[in-house]
2 protein chains.
Amino acid sequence: MGCQNYQSKIESNVDVATKLKQQAFQSPLAYDLIESLTVEVGPRLTGSEKDRLAVQWVERKLNTLGFDKVYKEAVEVPVWNRGAAKAEVIAPFQQPLVITALGGSIGTPQKGIQANIIRFKTLDALKAASITDVKGKIVFIDHKTQKTVTGAGYGETVSGRSKGAIVAAEKGAVAILIRSIGTDSDRMAHTGIMKYVDGIQKIPAAAMSNPDADLINAMLQREPIITLSLNMSSARKGVAQSFNVIAEVTGQQKPDEIVLISAHLDSWDEGTGALDDGAGVAIVTAAAKLIQDLPKKPARTIRLVLFAAEEVGIVGAKAYIKAHEKELGQHYIAAESDFGAGLIYQLDLNVSKQAFHELHRQLNPMASNGVKQGNNTAHGGPDVSIFPSRGIPVASLRQNGFDYFNYHHTPNDTLDKIDPKKLQQNVAAYAQFAYLMAQSTSQLRPMKSKQ
Amino acid sequence: MGCQNYQSKIESNVDVATKLKQQAFQSPLAYDLIESLTVEVGPRLTGSEKDRLAVQWVERKLNTLGFDKVYKEAVEVPVWNRGAAKAEVIAPFQQPLVITALGGSIGTPQKGIQANIIRFKTLDALKAASITDVKGKIVFIDHKTQKTVTGAGYGETVSGRSKGAIVAAEKGAVAILIRSIGTDSDRMAHTGIMKYVDGIQKIPAAAMSNPDADLINAMLQREPIITLSLNMSSARKGVAQSFNVIAEVTGQQKPDEIVLISAHLDSWDEGTGALDDGAGVAIVTAAAKLIQDLPKKPARTIRLVLFAAEEVGIVGAKAYIKAHEKELGQHYIAAESDFGAGLIYQLDLNVSKQAFHELHRQLNPMASNGVKQGNNTAHGGPDVSIFPSRGIPVASLRQNGFDYFNYHHTPNDTLDKIDPKKLQQNVAAYAQFAYLMAQSTSQLRPMKSKQ
């Protein structure tokens, strides 16, 4: 097309993007969706009855919203029961602790475990420890999560949660109890997935609240030997069926090319999953709905994917990649909202070098919504983080996550933590992003990080 | 004494008060005491083993600090076991609730209670309801506590907690579940004492967290009939012996006249009782210690009283009044620290009209510590609130309690909520107050409120 046409197309895209933003700030849809999901379904642990209800809930909502297509794809997911988790210090000073089982952990024997603790500042410190020191003890990883806008603090500590039980068991520990991967000072423990590997003993794993970790430290200053009693009835319960639920706004000129925006439908079980990831579900759904309702659909198809089983190891995303193997080349770009409901301040990309520069201009309408252009090293969000290795470009719409890890994976993840205004800003950003990408004329592949 | 002497005495008091403040801001004692109490004892529910440990702990501390006298007085206290408390909505949408038993509540039958709820905005609304409406239901009092510096919001809602079970049972309710008397948005319920009266059926009583009360309201907007399942194993367990623990700095000129500063040693059982009332224990103990260490003791005796069983109905204070019946006339003035560790901003009194004006000048050194002179209608704090009816003047050193009811009576009442600097300001204020009152030449009786 000639320069004149190109210019007018850009202008028209800008007009639509401006309208999408205005409409986002007038629509209560995203908040209403979170409210409905948290009140009518609530916690929706992968593979649970509530997970099934959540799938039904979202299918009903997507159909009611009138998307061009709504369908679901089966995913085999692991089932785990939290059960009860109790711990107390029994010496030198008897004190009950507030703990929660880490997701996927086995339980203790019914009579519980009594053992002395051994404290490590980090997972790396545990890795460096001798078997002699660790054997027969309860490992305590005491790594404090720093509060940051980007969530970088979480990245520094989360491996202690996910891999701690493996490293501890290799050295003969009988259980592991970590300082919560959370930035709050509430007496509430943060759950989250942990892993075992074949061939290494499975040991029970739990997290204690930050004030409880402080308490243990205060005791350690008085007395090197601290004895804990731990009793957990959590258990793995085989597999069940869940679903990735998908809706589409069919593209007008290039219906087979896909701009994928996503979130995950499952949640942990102690809150109502408002921030993680009710917010994401609501943001991308409301954004897609704004595009569905446009008088003129964009060139490419907008595909809304609400993944199953993110929390337990991005199981739904892996199933999606498998199910859509032949179609991966037609995925133009993918993004995921899974970081709460804070304001989006930056758009990072992972696209070709040339496209990165072209998109700056094309995505410029997002600036008036507070979203500045970022770098070209995006990972795209937990589920879609596996897309770039399959050649699919991704974007990260970066949210302010300063408070996110106060509530993450705790009973405190409830509706009252959501600011409806900030939610609307997120909807505007995703609607603009999805629309402008569905209209873009740039060649996004091969991505820079793959060059 | 002549005017010259009087003037020089005032100046000398000012000098001492200034020194006490300086010393308070240099001393880590108060913080160290809370740290020690919360780490080495922790929760100390009235009549529990931990209550006994707390008494031992404080006796040991008071002796170590070198007070002129340390002694304790037996108090018969009620014993109550929290047990477990579980609730869930079973219709129209199944959701678990976060609840806690109210102090003193009986449990449910072992198989639990299933019933529909009936919501009331306030205790008064429940009082106005008909038996027909309430009979067979679980009463839900949904009174939100407003956040205020003075704690006035708590005063407006707390009767729903203390008296709700009586009013509900009179109308045939099978249980009562209130919105927590707390100003936070944490998914954590606030406990606190509740009452029964003879001749009215005892029904189980619990509180739900604020987010849970919001959840119930959101369900009520969809569906008028909400069915709850409630299971509690709390139980009353007779009586036990506890102690009011007392220390004294003996007065030089008028050793039989008493300036009483106090706090309570017992706490609820889900936190570690750092704010309620570890802070008070530490503040008044550290303040008395500063006076104990003065080169020249004040005229009157400073009596430090750490009351037993405040939480369960100021049982220790009532025992104190009984035990000290003959000595009540020699109590010059009394005050209690039991509102956390926020800054003290005002001193209210309940003394004779003339003394009220005289004390303004005498207590003027407190102004430089941020404590302004207040009114003459003080109640003096929970335990000493019964002193004025026995003719004893009281003072209230008013603390900023804006955040206090975020944590009050929850697991969140832990050491990390204490600001050591604010604690020192409190110590300075109590030390100045106690010293200046022990030196005062004013006639505080009869009090204005009794005139």
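The values are calculated or read from the model by the stated rules, or taken from the named source; none is laboratory data. Quick caveat: nothing in here was measured; it's all calculated off a predicted structure. When we count neighbours, we look across all protein chains shown, and the Cβ atoms used for this are built from the backbone with ideal geometry, even at glycine. All accessible areas refer to the heavy atoms of the entire protein, side chains included, with ligands and DNA or RNA removed. Shrake-Rupley method; radii C 1.70, N 1.55, O 1.52, S 1.80 Å.
Of note:
- Normalised radius of gyration (Cα atoms, divided by 2.2 N^0.38 Å) for region A:201-350: 1.45.
- Extending 7 Å from the Cα toward the beta-carbon at both A:Ala323 and A:Ile90 defines two label points whose distance is 4.9 nm.
- Our note on the geometry: Cα centres of region B:294-343 and region A:190-209, 51 Å apart.
- For A:Pro92, label point 7 Å along C-beta direction: distances to other copies, nm: 5.8
- Calculated FRET efficiency for the pair B:Thr64/B:Val239, C-beta based, R₀ 30 Å, to 0.05: 0.45
- The residue list B:Ala286, B:Gly182, B:Gln26 was ranked by how far each Cα lies along the charge dipole of chain B toward its positive end, using unit charges on Cβ atoms, and B:Gly182 comes out on top.
- DSSP bridge analysis restricted to the protein assembly as shown gives an antiparallel fraction near 55%, rounded to the nearest 5.
- Here B:Asn364 yields copy-to-copy label distances, from shortest upward, of 6.9 nm, the label point defined as 7 Å from Cα along Cα to C-beta.
- Whole-Å distance, taken between Cα centres, linking region B:50-64 and region A:252-266: 66
- Carbon + sulfur, % of accessible area of region B:83-233 - ligands and nucleic acids excluded, 1.4 Å: 51
- Accessible surface of A:Asp133, taken over heavy atoms with a 1.4 Å probe and every protein chain present, rounds to 80 Å².
- The distance between label points at A:Ala74 and A:Thr227 comes to 5.2 nm (points 7 Å beyond Cα on the Cα→Cβ vector).
- Label point 7 Å beyond Cα along the C-beta direction, distances from B:Gly329 to other copies (nm, shortest first): 10.5
- With a cut-off of 15 Å between beta carbons, the residues surrounding A:Gln425 carry a summed charge of +4, where Lys and Arg count +1 and Asp and Glu -1.
- Shape parameters for region A:83-233, alpha-carbon atoms, Rg then Dmax in Å: 14.0, 43
- Each label was represented as a point 7 Å from its Cα along the Cα-to-Cβ direction; for B:Lys111 and B:Asp419 these points are 5.4 nm apart.
- MRE, 222 nm, helices only [DSSP H, n ≥ 4, -39500 (n - 2.57), over chain A, to nearest 500]: -10000 deg cm²/dmol
- Prolate/oblate/rounded call for region A:301-410, Cα gyration tensor, a/c under 1.5 rounded: oblate
- Region A:100-157 versus region A:360-431: alpha-carbon centroid distance in Å: 30
- Identity and axial distance of the chain B residue whose Cβ lies nearest the axis relating B to A, Å: B:Asp186, 3
- Protein accessible surface hidden between B and A, which excludes ligands and nucleic acids, total in Å², probe 1.4 Å: 2200
- Share, in percent, of DSSP beta bridges within region A:83-233 that are antiparallel, nearest 5: 55
- Calculated FRET efficiency, B:Gln201 to A:Gln354, Cβ-Cβ distance, R0 = 51 Å: about 0.05 to the nearest 0.05.
- Among the helices of chain B, those built from whole DSSP H runs whose Cα atoms reach 20 Å or more along their own axis and whose mean Kyte-Doolittle hydropathy is at least -1.0 are B:3-26, B:49-65, B:152-170, B:420-439.
- Beta bridges per DSSP with both ends in chain A, % antiparallel, nearest 5: 55
- Computed over the protein assembly as shown, the ratio Rg/Rh where both radii use C-alpha atoms and Rh is Kirkwood: 1.04
- Computed FRET value (nearest 0.05) for A:Lys135 with A:Asn217, which takes r as the C-beta separation and R₀ as 30 Å: 0.85
- Rounded to two decimals, the Cα-based Rg/Rh of chain A, with Kirkwood Rh, is 1.02.
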